[in-house]
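Presented below is the structure to which this report refers.
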Amino acid sequence: MQRLQRPVCRAGVHWARHAARAQVVCWRLNHQDHTTFGTRHRSGCRSFSSEGQQPLRVSNKDLEVWANDVRGHAYSRACMEPYTVSTVRHFGKGVESPDGWSAHFISTSGLKSSGVPNQDAYSFTTLQCGWILCIACDGHGEHGEIIAERVSRALPLFFSSYLVHGTEEALRRAFQSAQNDLESSFGPMQVYSGATVVMCCIDKDAESVWCAHVGDSRLVVGDMDTGQPVFCSIEHKAHDAEEYKRLEAAGAQVIQKRYDDGEVVSRIFIPKTGVPGLAMSRSMGDGCLKKYGVTAEPDISNITDSWKSCALPGMIMGSDGLWDTVSPEEACSTISARYRSKRDVQAGLENLTRRSQRRWIEAEGDYCDDVTVAFVAPLAAE
């Protein structure tokens, strides 16, 4: 959510405010009829109808049929009232954790202009082949909540569809397909609305962990034994040298401001228009800025080594509503203390959320961003 004030803290608030095993279940969407599913291959895999081909669009019916076919899928729904926890729609096992794992989620609306819903969204998916997929999105613009929810639902479908190509390629294709889906299904809405996304993919059988993201929603891997973070994804901002180089080459207007304390914030505009003033250099949607270098191509990281370096690994992800007021160190310390002592981790997420909300109000007075937090980890041995 973009805010027309200076950031609360440095964590990046907006300025102005493997290859897959044979049993993996994937989907093929027919290019001619987007409501028709293809047949299952003898390998147990469904794929798109031709190499690299994208479906024209994905319907809600497609998403629901797919969600009922996987082991479990759940996604959050936007709420309107301030400080309200989002409802969750469940399919199959829903947010039920796989055996030997712990998974917890919360998304709450902030305090914003009247009638503005929670524009954060999350989803949690467990595939029949053993993958765990967790996604957090932060929408912005007039229709940000619609874009965020759609991406949180569509990305797992596309990722599972492309797993036959290997994890990294599946992630790359999934993000591109999700962007194509927005353009074909939500064309006018996504011109001036969009969402940041962070996605964590865990192959619990192969002990492989991946992160992909665009924008400033972030993922942190921490050692729940020590309470220290070992990996943090990096926000995509226009004042980053590599990001700026791409934007400049594409003709975008980038305005940067450096404060006396050394903090730098930036916004991206269509040249000579004063709009839209986007506060991140990569996003889903935001069609008006795609030709100006604001890409939906994710940064993809194989974080397996970081994960395995932990005595007790855990993944915390969230929207910038969390990370703008709570550091990765603080989040890891708060959650790990409860996890190690086998206390209620969900209560720990709620505690982090309230802490973040309090700091927003202390800093802004009349404004609090939406806050989303997710935690996924293997259970500690008895």
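Picking from residues in the stretch 113-133 that are of a type in the set (S, T, N, Q), under 17 Å from Pro82 (Cα atoms) and modelled with pLDDT of 95 or more, the one that is nearest to the chain's Cα centre (by Cα) is Gln119. Inside the stretch 134-182, residues that are under 23 Å from Phe375 (Cβ atoms), in a strand (DSSP E or B) and either more than 12 Å from the chain's Cα centre (by Cα) or not hydrophobic (A, V, I, L, M, F, W, C) (or both) make up a count of 2. Against the numbered list (1) assigned to a strand (DSSP E or B); (2) open to solvent by less than 30 Å² (accessible area, probe 1.4 Å); (3) under 30 Å from Asp203 (Cα atoms); (4) of a type outside the set (D, E, K, R), Ile300 comes up short only at (2).
Ile135 - would you say it is touching a Pro at 6+ places or on another chain (Cβ under 9 Å) and buried (at least 24 other Cβ atoms within 10 Å of the Cβ)? It is true that Ile135 is touching a Pro at 6+ places or on another chain (Cβ under 9 Å) and buried (at least 24 other Cβ atoms within 10 Å of the Cβ). With respect to being assigned to a loop (DSSP other than H, G, I, E, B) and open to solvent by 40 Å² or more (accessible area, probe 1.4 Å), Gly94 falls outside the description.
When the stretch 319-344 is limited to residues that are under 12 Å from His104 (Cβ atoms) and not basic (Lys, Arg), the one that is most open to solvent (accessible area, probe 1.4 Å) turns out to be Asp344.
Evaluation of Arg246 against the conditions (1) under 25 Å from Ser309 (Cβ atoms); (2) open to solvent by less than 70 Å² (accessible area, probe 1.4 Å); (3) charged (D, E, K, R) shows that the sole unmet condition is (1).
The values are calculated or read from the model by the stated rules, or taken from the named source; none is laboratory data. Because the structure is predicted, anything quoted here is derived from the model rather than measured. Note: ideal-geometry Cβ built from the backbone for every residue, glycine included; neighbour counts use all protein chains shown. Ligands, DNA and RNA are excluded from the accessible area calculation, which covers all protein heavy atoms including side chains. Shrake-Rupley method; radii C 1.70, N 1.55, O 1.52, S 1.80 Å.
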